[in-house]
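Reviewing the structure listed below.
None of the figures in this text is laboratory data; all of them are computed from the coordinates on show. Note that the coordinates shown come from a computational prediction; the quantities given were computed from them, not determined experimentally. Counting neighbours? That spans all protein chains shown, and the Cβs are built from the backbone with ideal geometry, glycine included.
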Amino acid sequence: MYQYDVIDREFLTDRSNEFRHQVARRLAGDLTEDQFKPLRLMNGLYLQLHAYMLRVAIPYGALNSRQARRLAWVARTYDKNYGHMTTRQNIQFNWIKLRDAPDILDALAEVDLHAIQTSGNCIRNTTADPYAGATAEEVDDPRVWSEVIRQWSTLHPEFSFLPRKFKIAITGALTDRAAVKVHDIGLILRKGRDGEIGFEVIVGGGQGRTPYVGPTIKSYLPADRLLSYIEAVLRVYNRHGRRDNIYKARIKILVAALGAEEFGRQVEEEWGKISAERADLPPAELARIRAAFAQTNFETLPAVSESFEAARAASPALQRFVRNNVKPHKQPGYAIVEVSLKAIGQTPGDATAEQLDVIADLAERYSLDDLRVTHAQNLVLPHVKLDDLAAVHAALDAAQLATANIDLASDIIACPGLDYCALANARAIPIAQDIAKKFADPDRAEKVGELKIKISGCINACGHHHVAHIGILGVDKKGEEFYQLSLGGSGAEDASIGKILGPGLSADKVAPAIDSLVDRYLSIRTGEERFLDTYRRVGLEPFKEAVYAQAD
Amino acid sequence: MPKLIKLVGAPSDTSFGADWAEDVFIHVADEDPIPEGDVILSLARFQAEGEILLSNSRRVGVRIEPDQEVEALAYDLPRLSVVALAFPKYRDGRAYTSARLLRERLGFTGEIRAVGDVLQEQAGFMVRCGFDAFEPNDDATPEAWVKAAHRFRHVYQRAADNRQVAFEERAV
Amino acid sequence: MKAVTANRLIDGEVVFWKAGAWVDGFGDAELFDEGQDADVEAAVAKGKAQPTVIVDPYPIDLVTVEGEGLAPVSYRERIRALGPSNEPTHGKQAVGGEVIEALRHAHGAARSTGRVDLIRRK
C-alpha cells in the first residue's frame with residue numbers, strides 16, 4: 001500500500017487548516033453560501049435532506065486496518081454509528097454537522113485519510129479494480145497509476161473549476177470490475193507490442209441524463225506519457241466543455257458533439273504542445289510509487305489447503321460462501337474474499353461501526369492489513385490464505401457480514417435516494433430491500449445466478465442503473481414515487497446501456513415485477529446463460545410481456 | 001478605479017508577498033472613446049485599433065473573455081503590458097488555462113491580471129497559474145491574498161509558478 | 001396552507017419558520033393561510049437575510065390528513081419532516097407522537113410541490 005510521507009501528511013494538515021478557515025469565514029458571514037459551496041464540496045461536504053453528508057475519499061478503494069478503525073470511530077463519534085460505501089469506492093457519513101467537519105478532517109488526516117475532491121467540478125477519486133494486486137488477470141497494478149493520478153490531480157490549479165465533475169477509472173485486467181467504459185476517462189492497462197506497459201484510453205463514457213459507453217480515443221498510450229495525455233484531455237475539456245447548462249456540461253457531451261475522431265485529434269494536437277519532460281512523471285517517482293504497491297510478504301504455500309478442504313467439506317454454509325464470495329488469487333494458497341454489505345433487508349452498502357471494526361481486525365490479521373471497497377458497495381479482503389478462510393468466514397458470519405450473495409439478485413446497488421439525498425426524486429433503499437427479500441432464499445438466488453440489479457433515486461444515476469442487468473430509476477410522477485425499469489445494461493468489459501422496459505411502476509409493483517422478470521428468464525434460459533445473456537439473445541419483448549401483459 | 005493587488009517577488013519563491021498597487025490602466029468599454037494614458041481593451045478592439053496605440057508608445061493591455069483563445073495574442077505579447085483574464089463567475093475556470101498558456105507556452109512576461117469575480121479563496125490557484133495581479137471582488141487585502149496563496153507547503157504538479165514539486169523535494 | 005422551511009447552517013438540520021425564529025419540529029411551524037402569500041414571501045425574505053443562520057429558505061404546501069393533522073403535500077417534504085424511512089429511530093421521527101404519526105400517514109398527495117427544481121445543481 002502507498003505510505004504517506006512527510007510531504008503527503010503536511011499536505012493533509014494544510015488542507016484541513018484551509019477548510020477550518022473557510023468554515024470560520026462562512027459562519028462569520030464573510031463568505032456567501034454561493035461562494036462557500038464549491039469549497040465545502042471540494043472537501044466532500046454536501047448539504048443533504050436531513051444533515052450534511054461527508055464523503056471521505058478511499059483512493060482506489062484501498063484501506064488499511066488503522067484507517068478502517070478511524071472510519072468506525074468517526075461513525076460512532078460524529079454520526080449515527082454507520083457509514084455507507086459508494087459506487088466510487090468512497091465512504092459516506094449521512095449525519096454530519098458543519099461545525100464538526102474541520103475536526104473530522106483533522107482526525108482523518110491523522111491516519112492519512114481525507115475528503116479532498118470527493119465532490120465539486122474537479123477531478124474526483126480515481127477508482128480502480130478492487131482486486132488489484134491480487135488477481136492473476138492484470139497486466140499491471142492499476143493502483144500504481146491511480147496513485148499517480150491522485151497526486152497529480154490534487155489541488156491541480158488549472159483544473160479545479162471544470163465545467164463539471166470529472167471521474168477516472170482504471171482496470172489492469174480485461175475483466176472490468178471498475179466500470180471504466182462509463183467514466184469520463186477510462187483506462188485499460190495493456191501490454192504494447194514491445195512488451196511495455198500502456199493504456200487504452202476511453203474518453204466520454206458516462207451515465208446520468210445522457211448515458212454513453214465511451215469511445216476509445218487512443219488505442220495505445222505508452223504508460224510513461226499518462227499524465228501529459230490526461231492533461232491534454234482535461235485542457236481541451238476545460239476550454240471547450242459547455243458551461244451554459246449543467247445537464248450538458250460533462251465531457252461526454254463534448255466528445256459526442258465533436259465526434260470521437262475530432263475530439264481525439266484535438267487532444268493529440270494539444271498533447272503535441274506539452275513538454276513530456278515538464279508534464280510526465282519522472283521515472284524515479286514512478287518507481288517509488290510502484291515499489292509501495294509491490295507485495296513482497298506472501299508466504300509460499302501449496303495451492304491446496306488441507307485444512308480448508310476439510311472445513312469446506314463439513315460446512316454447506318462455507319461451501320456456499322466460497323461458491324459466491326471467494327475468488328481465485330494469483331498467489332498459490334491465497335484467495336480473494338468479497339464481504340457482502342447486502343444482508344437481506346438491510347440498507348445496501350451500509351456497515352455499522354462495529355462491523356467496520358470487525359473487518360479492520362480481519363484485514364489486519366488475515367489479509368496483510370489490506371481492505372478494499374468495490375463500486376458495487378461491498379468490501380474485499382484481497383489476500384486471505386486458504387488456511388484461514390474458515391476462520392474468516394466464521395468471524396464475518398458472527399458480524400452479519402457473510403451473506404453469500406455476491407453478484408446475485410440480492411447484491412443490489414442502491415443509491416441513498418430520497419431517504420437522504422437532496423437531489424433524489426424517489427426512494428431507492430426500500431425498493432432494494434423489497435427486492436432482496438424476494439431472493440432471501442439462497443438456493444433460489446443461486447439458481448437464478450448472476451443478476452446485477454441497480455437502483456438510482458434520480459437521473460443522476462449514482463446507483464448506476466443504466467449499466468444494470470435490471471436497472472431501476474426512481475421518478476416523481478404526479479407526486480408519487482414511480483419506478484422505470486430497464487434491461488440489458490452492463491458496466492463490465494461488455495459495457496452496454498440498458499433499454500427501458502415500459503411505463504413506470506408504482507413502488508409496490510416493483511418487487512413483483514422483478515419476480516416476473518426472473519421467472520420468465522428461468523423459463524426461457526438455455527445452458528449456462530446469465531439473465532443478461534438471455535436478454536441479449538431474446539430481446540425486450542418476452543420480458544416486457546412478463547411484466548405488463550397482466551391487467552393492472 | 002477598482003482596487004489592484006500585485007504580487008511582490010517571484011511565485012516560485014514561497015516567501016513572495018503582495019501589496020496594493022496604483023492601477024494606472026483604464027478599462028475601456030468597446031463603445032467608449034479611448035482616453036489618454038494606459039488602457040486595457042477588449043480583444044476585438046485591440047485587434048482593430050491596438051496597432052495605432054502601441055505605436056504611440058502607450059502601454060496597452062488586452063482583456064480576454066473565457067471563450068476567447070489567448071493564442072490570438074501570440075504575436076502581440078512582446079509589446080503588451082497587461083493581459084486581463086476575465087472571471088465572469090469565479091466558478092468559470094477557463095482563465096486558469098489561459099493564464100498557464102500565456103506564461104508557459106507563449107512566454108508572456110508581462111502582467112497577467114485576474115478581473116471579474118475574483119475571490120481570495122482562489123488566490124492559490126491563480127498564483128500557481130501565473131496570475132500576478134488581481135482586482136479583488138471581495139474584501140481581500142494584500143495580506144489576506146498572500147496568506148491564502150501560501151496555504152500549502154507542498155504542491156503535487158508543475159504549473160506556471162515553477163514551484164518545486166513534491167517529487168522534486170523527495171528526490172533531494 | 002403553507003409553511004416555510006430551510007436547513008440550519010451549523011448542522012444541516014431541517015427547520016421551519018416560526019415568528020422570526022427557526023424551529024426543529026414540523027408541528028411547531030408557523031402556518032400561513034391561503035390569503036397570506038405576502039407573509040410567506042416576507043418570511044422567506046427574512047430567512048434569506050440570515051445567511052449565517054439558515055440556508056435556502058423556501059415555502060412548502062400543506063394538506064390536511066383526515067382525522068390527524070397537517071402534512072406537507074410533497075413526499076419529499078414529508079421525508080424532510082420525518083427522517084429516513086429505512087431507519088425509524090433516526091431523525092425527527094424518533095420522538096414519535098401525533099405530529100409524526102400524521103406525517104407518516106399522509107400519502108396519495110395530488111402533486112409534489114414547493115420544490116419542483118430538485119436537480120438544480122450537483
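A few comments on the model shown:
- Fluctuation leader among B:Ser57, B:Ser98, B:Ser81 - chain B, Gaussian network, Cα springs under 10 angstrom: B:Ser57
- Estimated FRET transfer efficiency when R0 is 35 angstrom, pair A:Gln400-A:Ala303 (beta carbons, to 0.05): 0.65
- Each Lys and Arg adds +1 at its Cβ and each Asp and Glu adds -1 at its Cβ; summed about the Cα centre, region A:176-250 shows a dipole of about 320 debye.
- GNM flexibility winner over chain B from B:Val118, B:Val39, B:Val155 (Cα, springs under 10 Å): B:Val155
- Inter-part distance, region C:28-65 to region A:488-532, computed on C-alpha centroids, equals 45 Å.
- 15 Å cut-off, amide nitrogen to a point 7 angstrom out along A:Ser275 Cα→Cβ, residues in region A:228-258: A:228
- Overall, region A:356-509 carries a charge dipole of about 760 debye about its Cα centre when +1 sits on the Cβ of Lys and Arg and -1 on the Cβ of Asp and Glu, all other atoms neutral.
- Mean Cβ neighbour count within 10 Å, used as a protection proxy, ranking B:6-12, A:180-186, A:406-412 highest first: A:180-186, A:406-412, B:6-12
- Across B:Leu54, B:Leu41, B:Leu102, mean-square fluctuation computed from a Gaussian network of chain B (C-alpha pairs under 10 Å connected) peaks at B:Leu54.
- Seen from A:Lys438, the other residues with C-beta closer than 12 Å to its C-beta sum to a net charge of -2, counting Lys and Arg as +1 and Asp and Glu as -1.
- Put simply, the amide H of B:Gly116, placed in the peptide plane, has neighbours under 5 Å in B:Phe87, leaving out anything fewer than 5 places away on its chain.
- Cα gyration tensor of chain A - equivalent ellipsoid semi-axes, whole Å, descending: 33, 29, 26
- Anisotropy class of region A:306-398 from Cα gyration tensor, a/c 1.5 cut: prolate
- If you take the Cα centroid of region B:37-115 and the Cα centroid of region A:381-430, the two points sit 55 Å apart.
- Vicinal HN-Hα couplings computed from phi for region C:10-19 (Karplus, 6.51 cos²θ - 1.76 cosθ + 1.60; Hz; Gly/Pro x): 5, 9, x, 4, 5, 9, 10, 5, 9, 6
- Contact order normalised by residue count of region A:134-292, Cα under 8 Å, 6+ apart, percent: 20 percent
- Inverse mean reciprocal Cα-Cα distance (Kirkwood Rh) of region A:191-285, Å: 14.2 Å
- Straight-line cross-link reach from A:Lys509 at under 16 Å between alpha-carbon atoms covers these aspartates and glutamates, not counting any fewer than eight positions away in the same chain: A:Asp434, A:Asp476, A:Glu480, A:Glu481, A:Asp519, A:Glu545, A:Asp552.
- Relative contact order (%) - chain A, alpha-carbon pairs under 8 angstrom, separation at least six: 13 percent
- Normalised radius of gyration (Cα atoms, divided by 2.2 N^0.38 Å) for region A:418-548: 1.00.
- In Hz, Karplus ³J(HN,Hα) per residue of region A:479-488 (6.51, -1.76, 1.60; θ = phi - 60°; x = Gly, Pro): x, 10, 7, 10, 9, 9, 9, 9, 10, x
- Calculated on the alpha-carbon coordinates, the convex hull of chain C measures out at 119 cubic angstrom per residue.
- Peptide B:91-100 has a mean shielding of 6, counted as Cβ atoms of other protein chains within 10 Å of each residue's Cβ.
- Cα-based Rg of region A:474-548 normalised by 2.2 N^0.38 Å, two decimals: 1.16
- Dipole check for the protein assembly as shown: with +1 at the C-beta of Lys and Arg, -1 at the C-beta of Asp and Glu, and the Cα centre as origin, the magnitude is about 900 Debye.
- Peptide A:87-95, shielding by other chains (average Cβ, 10 Å cutoff): 1
- For chain A, with +1 on Lys and Arg beta carbons and -1 on Asp and Glu, the positive-most of A:Ala179, A:Gln484, A:Pro382 along the dipole: A:Gln484
- Global geometry of region A:205-350, whether rounded, prolate or oblate, following the gyration tensor of its Cα atoms and the 1.5 cut on a/c: oblate
- Environment charge at A:Trp95 (Cβ cut-off 11 Å; Lys +1, Arg +1, Asp -1, Glu -1): -3
- Whole-Å distance, taken between Cα centres, linking region A:296-356 and region A:459-476: 29 Å
- Under 5 Å from the amide H of A:Lys477 lie the amide H atoms of A:Phe482, each residue being 5 or more positions distant or on a separate chain, with H modelled from the backbone and absent for Pro and chain starts.
- Among A:277-286, A:99-108, A:188-197, B:82-91, the order from most to least packed when residues are scored by Cβ within 10 Å on average: B:82-91, A:99-108, A:277-286, A:188-197
- Projected-area average for region A:6-109 over all orientations - Cα convex hull basis, square nanometres: 6.9 nm²
- Between A:Arg530 and any residue 5 or more places off or on another chain, the built amide H atoms are never under 5 Å apart.
- Cross-link reach is defined here as a Cα-Cα straight distance under 18 Å, omitting same-chain residues fewer than 8 places apart; for A:Lys181 the lysines meeting it are A:Lys165, A:Lys167, A:Lys218, A:Lys252, A:Lys452, A:Lys454, A:Lys499.
- Backbone phi angles across region A:22-34, fed through the Karplus curve with coefficients 6.51, -1.76 and 1.60 (θ = phi - 60°), yield HN-Hα couplings of 5, 4, 4, 5, 5, 5, 7, x, 7, 10, 6, 4, 4 Hz in residue order; Gly and Pro are listed as x.
- 10 Å Cβ neighbours from other chains, averaged over peptide C:74-87: 6
- Those Cys residues of chain A for which no other cysteine Cβ falls under 4.7 Å: A:Cys122, A:Cys421, A:Cys458
- Note on region B:5-171: dipole from Cβ charges, positive end direction compared against B:Leu77, B:Phe46, B:Ala160; the farthest Cα belongs to B:Ala160.
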